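Working notes, structure below.
The values are calculated or read from the model by the stated rules, or taken from the named source; none is laboratory data. The shown structure was predicted, so the numbers you read here are calculated from the model rather than taken from an experiment. Here Cβ is always computed from backbone atoms with ideal geometry, including for glycine, and neighbour counts include all displayed protein chains.
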């Protein structure tokens, strides 16, 4: 069981470490210290649901009904193009610095909705968590639950480390130019993913 747990942990970490729209969003919220706990919890809980669905056989449904992923692909690409454009605009016009990023709890619902969209409208999430992790879990017939728990643990560790670890970069983001660069990078990541989905 421990072997399966460690394998699940390793597989999930290897997939989740790639820079994506979701990770970039968590990083920025972590730097701003805005609703970090809830953003990390939403990302980790969403991943956990998808991982468990994949291990329990939902990957077979996705494989037999690829239109599910197709819908997510086009909706996700549209959202990423729009959200990326916002970041490009902020990198061009923005004058934000750390001092101006005062914690604003009134934005919680908006941030959670953006976080959910970045997660559930991204077909890569389904391919990584549901299809790939679900497929790999079949190698652990007798210990699939341990494998799934390892993958779920990796997700929670990663997102909370990213969200709360971002504060170590705070001295860099005292400068407004750093925010412009970050916004440009996030915009580039969003558009790159959107284009990869459409092409």
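Quick check on segment 107-120. Is at least one of its residues at pLDDT below 80 and surrounded by 15 or more Cβ atoms within 10 Å (Cβ to Cβ)?
No, that holds for no residue.
If you check 161, 155, which single one turns out to be exposed (fewer than 14 other Cβ atoms within 10 Å of the Cβ), within 19 Å of residue 46 (Cβ to Cβ) and modelled with pLDDT of 85 or more?
Within the list 161, 155, the selection yields 161.
Sort out which residues of segment 165-188 are out of contact with any helix residue (DSSP H, G or I) (no Cβ under 6 Å at 6 or more places or on another chain), surrounded by fewer than 19 Cβ atoms within 10 Å (Cβ to Cβ) and part of a helix (DSSP H, G or I), and write them in order of number.
Of everything in segment 165-188, those that are out of contact with any helix residue (DSSP H, G or I) (no Cβ under 6 Å at 6 or more places or on another chain), surrounded by fewer than 19 Cβ atoms within 10 Å (Cβ to Cβ) and part of a helix (DSSP H, G or I) turn out to be 165, 167, 168, 169, 170, 171, 176, 177, 181, 185, 188.
Give the residues of segment 3-17 that are surrounded by fewer than 19 Cβ atoms within 10 Å (Cβ to Cβ) and at pLDDT 85 or above, sorted by residue number.
Answer for segment 3-17, where residues must be surrounded by fewer than 19 Cβ atoms within 10 Å (Cβ to Cβ) and at pLDDT 85 or above: 3, 6, 10.
If a residue has to be over 30 Å from residue 5 (Cβ atoms) and either in a loop (DSSP other than H, G, I, E, B) or at pLDDT 80 or above (or both) to count, how many in segment 55-73 make the cut?
2
Among (1) surrounded by fewer than 19 Cβ atoms within 10 Å (Cβ to Cβ); (2) farther than 21 Å from residue 44 by Cα; (3) at pLDDT 65 or above, where does residue 77 come up short?
(1)
Looking at (1) at pLDDT 90 or above; (2) farther than 27 Å from residue 167 by Cβ; (3) out of contact with any helix residue (DSSP H, G or I) (no Cβ under 6 Å at 6 or more places or on another chain), which one does residue 148 not meet, given that it meets all the others?
Exception for residue 148: condition (3).
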